Amino acid sequence: MFLDAFAKSMNAKEIRELTQIIDDKSLTKQQTHDQVKALCERSGPESVKKFEETDKIIKGIAEYVMNHVKKIEGKLSPEALEFIKEAKQIYENMEITHTQEEEKLKELANNAPAPLKKELKSNNIFAHLF
């Protein structure tokens, strides 16, 4: 899906380079972001526009989750609020790789007690982790 967004604005060589960047598990999230952005800038204004749209969508998802949490935080347990805080810190850490992010989130979720998992799932907060 991510690559499809750029299919019309990049040539085959640029798409291959984009794929290499995205598939490089050694890059931090910040390095991936910066390299994709630089490639888009070299590719041209249409690619820059697609990058900005995609970046906005990704940031919008995080904003949506945090707005949802704010609406219901009064009924969440202190443990749920702490879990959310820790998960947010992991998501926002741009100095780790995507693989490290996934591992840290899995570890956080796996260490959560069953009642906390149930609470988060029932409130549709990070339900994809459980």
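The values are calculated or read from the model by the stated rules, or taken from the named source; none is laboratory data. As the structure is a computational prediction, the values presented were derived from the model and not from experiment. All Cβ positions, even for glycine, are placed from backbone atoms using ideal geometry, and neighbour counts span all protein chains on display.
The single condition among (1) farther than 18 Å from LEU18 by Cβ; (2) touching a Cys at 6+ places or on another chain (Cβ under 6 Å) that LEU76 does not meet is (2).
Residues of region 42-71 that are of a type in the set (Val, Ile, Thr) and either in the same structural domain as GLN89 (by TED's automatic domain parsing) or under 30 Å from ALA12 (Cβ atoms) (or both): VAL48, THR54, ILE57, ILE58, ILE61.
A single entry from VAL48, VAL69 fulfils the requirement of being in contact with a Cys (Cβ under 7 Å, 6 or more places away or on another chain) and hydrophobic (A, V, I, L, M, F, W, C): VAL48. Of the residues making up region 12-41, those that are over 22 Å from GLN100 (Cα atoms) and touching a residue at least 12 places away in the same chain (Cβ under 8 Å) number 5. Of all residues in region 83-126, those satisfying the criterion of being touching an Asp or Glu at 6+ places or on another chain (Cβ under 7 Å) and over 17 Å from THR32 (Cβ atoms) are LEU108, LEU116.
Which one of GLU101, GLU107 is touching a residue at least 24 places away in the same chain (Cβ under 8 Å) and under 23 Å from LEU27 (Cβ atoms)? Step through it out loud before you land on a result.
On the way: GLU107 fails: touching a residue at least 24 places away in the same chain (Cβ under 8 Å).
On inspection, the qualifying residue turns out to be GLU101.
Of all residues in region 42-64, which are without any contact (Cβ under 8 Å) to a residue 40 or more places away in the chain and of a type in the set (Asp, Glu)? Hits for region 42-64 are GLU46, GLU52, ASP55, GLU63.
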